[in-house]
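Just so it is clear, none of the values below were taken in a lab; they were calculated from the coordinates. Source: prediction; values computed, not measured. Please note: Cβ atoms are built from the backbone with ideal geometry, for glycine as well, and neighbour counts cover all protein chains shown.
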Amino acid sequence: MVFEFTIAALMFFGIMFFIISYLNQSVRNYSSDAYTEVLQGKAFQISDVLVKNPGIWVGDPGEPMVPGVEAEWPVLNSTKMAWLNVFCTKPDGTGYSELKSLFGLKEKLYDFDTGENRNFNITMTALRGPSEGPAELVNCGKDPAGSRRAYIKRVGVTELPGSACSGNICLTIVDVSVW
């Protein structure tokens, strides 16, 4: 009788160990996927604010109260892009930090989240004629090399006087990454 009880107890604990290990692995994968989905939503929000919103800019060069580079959808304003690039690349890093706040990247996404470690990267590249090659209009943020990130790519047009584009209107690729 003791032998049968010992075998039953070992089988019970073995099965319970397997179930708990399986649940532990599954929950980790699902929570990681959920966090990536939240980052994807943030990347989409940032790209939407930039390309479908004229923004509110103060001064010259402008500082954003609300960042946005739209002139009239799908046309993007090259002056506002230049302002965004200058603001974001301030030598002391305050522009990048302020943009993180304006984009809502410092907000808590869940209970144990501080939001301080979340970053972004925005690049806006005009595709000019084959003789000139692409022109990088905005390069804001760090490159998330090797980190898990969410990525959105948008397309608009920008007027660039003196370029080899059709009627000075160039196709512009807007890339937004959040990690």
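Please report how far the C-alpha centroid of the stretch 32-89 lies from that of the stretch 134-157, rounded to the nearest whole angstrom.
That distance is 12 Å.
G93: net charge of surrounding residues, Cβ under 11 Å, Lys/Arg +1, Asp/Glu -1, itself excluded?
Summing Lys/Arg as +1 and Asp/Glu as -1 gives +1.
[x] 364; [y] 135; [z] 161: which one is volume of the Cα convex hull per residue in Å³ as calculated from this entry?
[z]
Where both partners of a DSSP beta bridge lie in the chain, what percent of those bridges are antiparallel, to the nearest 5?
Beta bridges within the chain, antiparallel portion: roughly 95 percent.
Note down the relative contact order for the chain as a percent, whole number, built from C-alpha pairs under 8 angstrom at least six residues apart.
21 percent
Could you tell me which residue out of P74, M11, T94 lies farthest along the dipole of the stretch 2-178 toward its positive end? Charges go on the beta carbon: Lys and Arg +1, Asp and Glu -1, centred on the Cα centre.
Value: M11.
Residue by residue through the stretch 73-79, which ³J(HN,Hα) values in whole Hz follow from phi under the Karplus form 6.51 cos²θ - 1.76 cosθ + 1.60 (θ = phi - 60°), with glycine and proline marked x?
Listing the rounded values in order: 3, x, 7, 9, 7, 5, 5 Hz.
Can you check what the net charge comes to around T123, using other residues whose Cβ is under 12 Å from the Cβ of T123 (Lys, Arg +1; Asp, Glu -1)?
0
In deg cm²/dmol, rounded to 500, what helix-only [θ] at 222 nm does the chain give when every DSSP H run of at least 4 residues adds -39500 (n - 2.57) and the total is split over its residues?
My calculation for the chain gives -13500 deg cm²/dmol from helical runs alone.
Could you tell me which of Y151, C165, W57 has its Cα farthest along the dipole of the chain towards the positive end, charges placed at Cβ (Lys, Arg +1; Asp, Glu -1), taken about the Cα centre?
Of the candidates, Y151 comes out farthest on the positive side.
In nm, to one decimal, how far is the N53 label point from the F12 one, both placed 7 Å along Cα→Cβ?
It is 5.8 nm.
Starting with the highest mean, order 27-38, 126-137 by the number of other Cβ atoms within 10 Å, averaged over the residues of each peptide.
Ranked by mean Cβ neighbours within 10 Å, highest first: 126-137, 27-38.
Quick query: amide H of W57 versus all other amide H atoms, modeled in the peptide plane; which residues come in under 5 Å with a sequence gap of 5 or more or a different chain?
Correct list: M65.
Given H placed 1.01 Å from N in the peptide plane, which residues other than close sequence neighbours of K90 have an amide H under 5 Å from its amide H?
Residues meeting the amide H criterion: G95, Y96.
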